[in-house]
Amino acid sequence: MKEKEHQSIEWKESWQDEYLKWICGYANAYGGTIYIGTDDDGNVVGIDNARDLLERIPNKITDTMGIIADVNLLYKGKLEYLQIIVDKYPSLISFRGKYYYRSGSTMREITGKELERALLKTQGRTWDGVPLPKLTVADLKQDAIQLFKDKAVKRGRLTKEEVSVEDTILMDNLHLIDEDGYLIRAAMLAFYKDPEKWVTGSYIKIGYFGKSDSDLVYQDEVHGPLIEQVDKTVDLVYTKYMKALIDYEGVQRIEQFMFHKDAFREILLNAIVHKDYSSCNPIQISVYEDKIYIWNDGEMPPNLDSTDKLFMKHSSKPFNPKLANVFFKSGMIEAWGRGFEKIREACALYDGPLPEYEINEAGIMVLCKACDKYLGLLRNDGQHHGQCDQEGDHDAEQDLMRQIIAFCREPKTASEIMQKFNLGRSYFRRHYLDKMLKTGELQRTKPDKPKSKNQKYYS
């Protein structure tokens, strides 16, 4: 049976030295096979110099890349052709000073940050595991270390005995000291007083925007050890940047935020752990009246490239595993992807939408939309009807009903009504639509199919 050409098999009519790049790419990917003396369909056409190439190609491979590939002479009738079998190599292979990788049906050169990560991977390291010879334990911020200890003990991740040791021993136990006794980048990011001295962009930028993306009203930056940045950022966003509207359940006064604080905290922690710190860009949080954007220059595993997949059960593969372990030991993050389940649970408490993730080469953008309850309160200029006298609130509600009736003299969909009067779905249905259908002030165009996607309402 003839093999089909795919990402690990190539058919070539004749040998050219540029195919050495392909061999390099196969060695750096998953291995592969090249046939010399075949057409594009895999039919054997033979080559006249097969025996000469059988001697020369192995030498070219060894001389230019320092690896060995199996080169075999094959026959089909009187036709001779070659088979070159390339194994995947554990270390990164270069060809004439450049690195190539087989990706799909193309060969591409590995450069920049990708090359750095690939080289580290061959050494069994990650970016956050690289040692910093000039950084000592004495340079670390004591307040940051103490904060870690307090959180770790409080959450039961470490015992009092385990944290009551010298800082050097603690760092070693957290796997933040390499085999040569040097602190690694993860220790610097988590505990050093000014990580930007080592890594530009290791801070968080927050901005409040008005009516447009260009309308920046005010902004702040959060600096210092990452272990301290989390609480500082959450507190700042929920005290200065996010308006708390007042709601009442009976006589109980409740502060209603647009997005649950626990969900926001988990998203922020994910951004910190998965950020590509070599990019030199800060995490950016953009707050609007009814939504929040959180962006970081990071990556997710290839199998987690959409919102739906992220909220399915999955294993945890942080971009910075050493840094992630620090936050796990502190009790600030969960293992095995539990963080996304916590986001789901927190959003459910607000009866709000799940955050939306956009993952591409530019980084990870998370959109957090305001819940319907908040939008309903916001529509009343941030004042809940419980804060007003009941008569005034009733009058406002009746006035809006009259406006809806006038608007629906021609049939309108629920979405059209909500958009016209800036109403959230749950709030609109509970306070207006259900009441007006019950009183007959609104009618369905399809009364026999109340849940029809083509349903409209008229007065």
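Tabulated results
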quantity: Computed label-point distance, nm, for sites Tyr182 and Leu54 using a 7 Å Cα→Cβ extension; calculated: 5.0 nm
quantity: 20 Å Cα-Cα threshold exceeded, pairs from Lys322/Lys342; Lys149/Lys193; Lys197/Lys275; Lys211/Lys456; Lys205/Lys291; calculated: Lys322/Lys342; Lys211/Lys456
quantity: Which label in [x] 21.3; [y] 24.5; [z] 32.6 gives the computed mean projected area of the Cα convex hull in nm²; calculated: [z]
quantity: Tyr248 versus Glu410: modelled label distance in nm, points set 7 Å from Cα along the beta carbon direction; calculated: 4.1 nm
quantity: Cα pair distances in the range 388-458, grouped into 10 Å bins until the bin that holds the longest one, percent each; calculated: 19, 56, 20, 4
quantity: Residue exposure sequence - Tyr218, Tyr192 - by fewest surrounding Cβ within 10 Å; calculated: Tyr218, Tyr192
quantity: Helical contribution to [θ] at 222 nm, DSSP H n ≥ 4, -39,500 (n - 2.57), averaged over the chain, rounded to 500; calculated: -10000 deg cm²/dmol
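Values in this text are rule-based calculations from the coordinates and carry no lab data. Since the model is a prediction, treat every value here as computed from it, not as a measurement. FYI the Cβ positions are ideal-geometry reconstructions off the backbone, even for glycines, and counts take in every protein chain you see.
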